[in-house]
Each structure stands twice: as structure tokens, then as C-alpha cells.
Amino acid sequence: MKVKILKDVLQGALPQGFKGKIRYLYTPSKLCDPLFSPLPGKEPEKTRLASHFLIVSGPVEPSGYDNVDKPKWLYSDVIILGIEVLIYKSSHLTTIFVSKADSTGFGSEHHPKVSARAIATSFLKWLLDREQQKYPQRDVVLSLFARSQSQYLFPGSADSGVKHILDDRQLIKWWVTVLDPILIEKKDASGGNPIEFQGYLTVPGFTGSELRQFYPTYSRAAGGNQSWLPGNPLHKLADIRCVPANSPTRCLLPRFPDDPKARLMQDLDDEVGLTDGIPSTSPIKRRNGQWSSIHNLDHFWEAMEFRQECSSGRMVGFLWILASPQKRSGKRIDDGPIDESHEFPSVKTPTKPKRKRLTGPIIPRKPRLKGGLPSMMSPTNKSKGILNPTESGNGLLLSKEGYDKAMQILLHLDFSNVKLAEQSTGKWVAEVSSICGLSSDWAEHVEGIMKTVKCAVASDVVSGGCDVNDIGGIVRKRKHQADQPLSGTQAVSGTEKKPTVSAAPAVNMLSAGMIRKKPKPSPA
């Protein structure tokens, strides 16, 4: 089944009556640092990285500007939300990592509110479908960590007064609701070539039973095959990567950018002097590559509980969705015991077979640039950096340098009010267009077709909406049934039963004869 273009997918996630623009940037897959640390004495696994960035913008009320010579598209809309995703590819595993997601809280009062949850779900599912279509027999894992912060992508948006900022607990629940529709749809549509889908959630400091408060309602009550399980798939990922399950702990954990896990791993590496890519002179370190204080994943998650991000009232949620084809090709490395007496092969040991000597006639080829794209797009390039719309969803292909420059420009703008946000949107679009040599905006116009349902969750709406007080972590004592107030649902519906009035008086009256006065002491 062919994957739809991004424009069609997002139109199904936008509310009916909404008219806006989407801008999608991405980079080609290039060699990067390995996501996992290699086994001692082994070569690092070749890994390629591609960055994807989606911006959704909507119109604002018309406002006057002094300079009438500005292009009409320059200040026509304002950014509503953005999401950045990094895709790591190796020979056995594809990792989709949600790097950043943020909203500004702005939008037109005359347009329907945009659901950030629906946009994030549709975009991640679209990326997942594309990877599964390219490599049907390869395992794919979707990973992210949920940590509350006032602003990730849009500077000053926290000071606008219209942005709804979730706390840690609410954000973890929100991301579970983002990923849960992907699990449900994929499990229902798993036919032909069956693929197992499973969600995992880990919150350092929370036991398996305590994690149930973050699951969807149906998953809490369901028994047997649940979509969400407490824990993590790191041992399964090691098996997919053909790595023994009893390998050093540092070889089982990924190192994502700005990840709390990666910071703890770096501190543990510094304690024993382990560095990826630099052979250790110590024979013990070269043999086992172990940390001195942590020897398995359980100890690692226990150490995470005492980190600054996971203590003092803060919490971080780590979420995964693992998609595993039932039939995999690939041989597993011997899963024998690893101890200090066992030495891994030296780094200098050749791991690649020798290339065969070329024979036969020489066929001339036209010269071309290595990698297929220059470091920066040339204005004279006919394609202007835009790929075929049927392949990219009308996205804009940038080099790694151009993409990094576009992200740096965005992080130095101001979204503290709607006027500045409107100007910042136009400036960012103009700068990115200049990088690619474009003379106009590359945005795709979209019109929402999703029918909205009232009484939506407040955290699901980007701008506006009522606040919801989350009291899931508060334990209250049970009160007597007669003393319980009406619940919120009863008070709103108006169908509650009126309390019956008793014929007996509310206060017990005592007769004068039953009251005895205290005798006064006699004077001495």
C-alpha cells in the first residue's frame, strides 16, 4: 500500500473549516555518530541520521504595517506548532526519535482550534509508515522522553499569556494519548505480513502498578494483551541488533541528544574513563567495558531516580513503540557469559572482507557530486532543493548545514506576542527561502476535513480551551456517602437527584432540665 503524501495526511488531522499552511523540512540520511556504544573491541555500528521538521501555521487577524512594499506572503500567517523528529538507521534497526515538540498558543479567533495531539499522531504515523514501506523486514522503534518545559522551539512563547503549559504528569499522559492511536490502528491492520506492535512506558521512581494512571482508560481495565506495558524494550533492541543481552549496560542504551539518560551515561563513562572511539589502555576496561557502580539496566533506572530531572517533585517519562516483523533475517552473536577473563577481539582486527579485484572493460561515468547534494543549495539549481511532491509530501530538502542554520534562526526569534510572532514567522520563512535560493514561500496550503467533537480535553488544544486540574497523584480519604458533594458530571448534566429533606429537625434541642450549671465555688 502506497503511503499518502503529508499534505493529505495532515488535512485529515486538521479541524473542518481550518485553512492554514504546512512547512516541512528534512535532510538526507548521512553518516553520524553511532546511537549505541559498541561492544569492547568491536567496530561502531554504521548509523545514518535524517532530520525532519514540521511547522503548522494559521492566519491571524489583518493588521497594518508601515512598509507596504513587503510581499503579501511575508506576514500572512503565524506559526501555531512545530515538531522535530530524528530518524536513525542501521543495518538491523530504524529508530524514530521525537526530539522537540512545541506550540505558540496563537491562532485566529475566527478559525477552529488546532489539535496538537492529532497533528503529532498523524505526522509520527506517516513517518512510521514510510519507514516500514521502505524496509518491510526491519524492526522500527519510536522513542521519546516527556519532560515539561515552558518552551522548546519558540522563544518567548511562554510569556504570551495564551500558551497552555502542561506539567510533567500531564505531559506524560498527553504523549501516551498521542502514541496510543498508532498502536490501536496498527494492531487492527496487522494482516498479510504480521507485525507485532507494543508500547512501553518507564517513569523512574514509579512501579508497574503506579504507571497505570498514565495509561488510557481502556488499557487499565483490559486484561491479557495490553497495548502498554511497564518497562522498556532495551533487551529486545539488543537482540534485534545482534548484541548479547548480558553485554555491558552502556552498550544497551541509546544516546539521544538532550536526553537525561545520555547525561547519566556520560557521567558514568567519565568515572571510569571510557570514551567511544578511543581505545582504552587499561586491560580491564578493554576486556569488559563495564561501569564501576552500575552493572545492569535495573541498577541504571534506579540511579535515574536520584537525578535532578527525576527528583524533587519532577518526573520524566520514557516512551517506546516497538514494531517487530515476526520473521527476521539475521544471525545472533553468541550469547555466552561475559567476564573479566574473556577478551573481546582487538580493535585492529579486520571485520570487513577484502574487496575483490575489478576486472573487465572500464565503463565511463559522468562526474557527480558525492552525496548527491552540495553543502548549500545553489540559487541556480533548477529544483531549488524541492523534491518530487509525490515522494516527499511537498517538503523542502536541505543539507545538514542548511537545516542547522534554519533551526538556529528559529531559536533566535521572538514569539512573546502575536505581533512579534507574526513578524518572526515571516522572517524565518524568508531566511529559509534565502538559504535555498527561493524567491517565494514554499508552504503548502491545507484545509481541514476532520469533524471536531466538543468537550475535548483541554491539553489537546493548542490555543484557548479551559484548564483541567489533574489530581491523579493525590490520594484522598474516602468520605461517607452522605457527606460527598456532587461530582462535576452531575453538576453539569442537571439530572442529579435532590437530597431528601428529613422531617426531623436538623438540630437536637435539649430541655432546660437536662442542662446542669456548674456550682460556683464558695468564697474563702
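Just so it is clear, none of the values below were taken in a lab; they were calculated from the coordinates. Keep in mind it's a predicted model, so treat the numbers as computed, not measured. Here Cβ is always computed from backbone atoms with ideal geometry, including for glycine, and neighbour counts include all displayed protein chains.
Taking 0.36 nm per residue of sequence separation and removing the Cα-Cα distance, the LEU411/ASP159 pair yields an extension gain of 89.2 nm. Counted residue by residue at 0.36 nm each, then reduced by the alpha carbon distance between them, the extension gain from LYS4 to GLU210 reaches 70.3 nm. Proximity of backbone amide H atoms, modeled 1.01 Å from N, is registered between THR47 and CYS32 at under 5 Å, excluding neighbours fewer than 5 places apart on the same chain.
Extension gain, TYR135 to SER312: 0.36 nm times the residue separation minus the Cα-Cα distance gives 59.4 nm. Placing a label point 7 Å from the Cα of ASP258 along the Cα-to-Cβ direction, the residues of segment 75-98 whose backbone N falls under 19 Å of that point are 79-88, 96-98. If R0 equals 30 Å, the separation of the Cβ atoms of GLU196 and LYS46 corresponds to a calculated FRET efficiency of about 0.70. Modelled spin-label separation between LEU31 and SER150, with each label point placed 7 Å from Cα along the Cα-to-Cβ direction: 4.3 nm.
With both labels modelled 7 Å from their Cα along Cα-to-Cβ, the THR275 to THR217 distance reads 5.5 nm. Take 85-97, 23-35 and order them by the average number of nearby Cβ atoms within 10 Å per residue, most first; the result is 85-97, 23-35.
If a paramagnetic tag sat 7 Å from the Cα of ASN246 along the Cα-Cβ line, which residues of segment 24-58 would have the backbone N under 18 Å from that point? Output list for this probe position: 39-40.
Counting residues in segment 95-147 as N, plug N into 2.2 N^0.38 Å and put the Cα Rg over that result.
Normalised Rg, Cα atoms only: 1.47.
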